[in-house]
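The values are calculated or read from the model by the stated rules, or taken from the named source; none is laboratory data. All values derive from a computational prediction rather than experimental measurement. In this analysis, Cβ positions are derived from the backbone assuming ideal geometry, glycine residues included, and neighbour counts consider all displayed protein chains. Quick note on the areas: whole protein, heavy atoms, side chains included, nothing else; ligands and nucleic acids left out. Shrake-Rupley method; radii C 1.70, N 1.55, O 1.52, S 1.80 Å.
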Amino acid sequence: HTGDPSVSVGICDTGVLTSHEDLQLHRLEGYNAVDQVWELQGGNIGPVHNHGTRCTGCAAGNGNNGVGISGVGWNLSHRMLRVSNSSSGSAAMSTLQHAARTAVESGDKVASVSYSGVDSASNLTTATYVKSQGGLLVWAAGNDGRNLTYGDRDADDIIVVGATDSGDSKASFSAYGQFV
């Protein structure tokens, strides 16, 4: 399934290159979660680091158009919720959580966060809130190779995603374990 434009994913990341050829279709108004300003009100959603554009492409880069790449859900709508104004891309946990909540409050069905720190207890509270709004919180496991055993895996509302390599094996850097 390639997705449906009536379903949107909020990418909580470092900003997006809005002129990217594969990110034109179904792009929704973005939000700068640091400044708490929507794009149409002057909120800057441009990339401070290329990670956000890449994550947006992985999720919803337009496919079947003869150029570039295709995202997993290449017919989904997508929204950038920029969580950093720093060229390093660093973000406060409170800003990441605010972005995820804002995504679902704005109608996105998925809030995607590709930052470390998934095992913070406050993320579970955020995930429960996101679920109560009809959304799903997806968070990266992390790139530190740790065995994540945080909490009762069957009693939380967060989807924790690890990384695989080109052979579909666990990437050497990816966190893993029962929490993933």
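Residues in region 16-28 that are under 12 Å from residue 79 (Cβ atoms) and of a type outside the set (Val, Ile, Thr) were compared, and the one that is most open to solvent (accessible area, probe 1.4 Å) is 27. Check 115, 129 and return the single one that is assigned to a loop (DSSP other than H, G, I, E, B) and hydroxyl-bearing (Ser, Thr, Tyr). Selected residue: 115, the only one of 115, 129 that is assigned to a loop (DSSP other than H, G, I, E, B) and hydroxyl-bearing (Ser, Thr, Tyr).
A single entry from 177, 167, 135 fulfils the requirement of being within 15 Å of residue 12 (Cα to Cα) and of a type outside the set (Lys, Arg): 135. Annotation: of all residues in region 29-43 being surrounded by 17 or more Cβ atoms within 10 Å (Cβ to Cβ), assigned to a loop (DSSP other than H, G, I, E, B) and without any contact (Cβ under 8 Å) to a residue 60 or more places away in the chain, the one that is farthest from the chain's Cα centre (by Cα) is 43. Checked against the criterion of being at negative phi, surrounded by fewer than 17 Cβ atoms within 10 Å (Cβ to Cβ), over 14 Å from the mean Cα position of the chain (by Cα) and in a loop (DSSP other than H, G, I, E, B), region 94-104 contains not a single residue that satisfies it.
Just one residue in the set 46, 73, 89, 63 is on the phi > 0 side of the Ramachandran plot and outside any strand (DSSP E or B); that residue is 89.
For region 49-68, the criterion of being in contact with a helix residue (DSSP H, G or I) (Cβ under 6 Å, 6 or more places away or on another chain) and among the β-branched types (Val, Ile, Thr) is met by none of the residues. Being in a helix (DSSP H, G or I) and either without any contact (Cβ under 8 Å) to a residue 12 or more places away in the chain or over 18 Å from residue 159 (Cβ atoms) (or both): is that true of residue 25 here? No.
The sole residue among 19, 114, 84, 106 that is at pLDDT 95 or above and touching a strand residue (DSSP E or B) at 6+ places or on another chain (Cβ under 6 Å) is 114. Figure legend. Inter-residue proximity from region 71-100: first residues farther than 15 Å from residue 17 by Cα and touching a residue at least 12 places away in the same chain (Cβ under 8 Å), second residues open to solvent by 40 Å² or more (accessible area, probe 1.4 Å) and assigned to a helix (DSSP H, G or I), beta-carbon distance below 8 Å, spacing 6+ or different chains. Indicated pairs: 71/58; 72/58; 93/122; 97/122.
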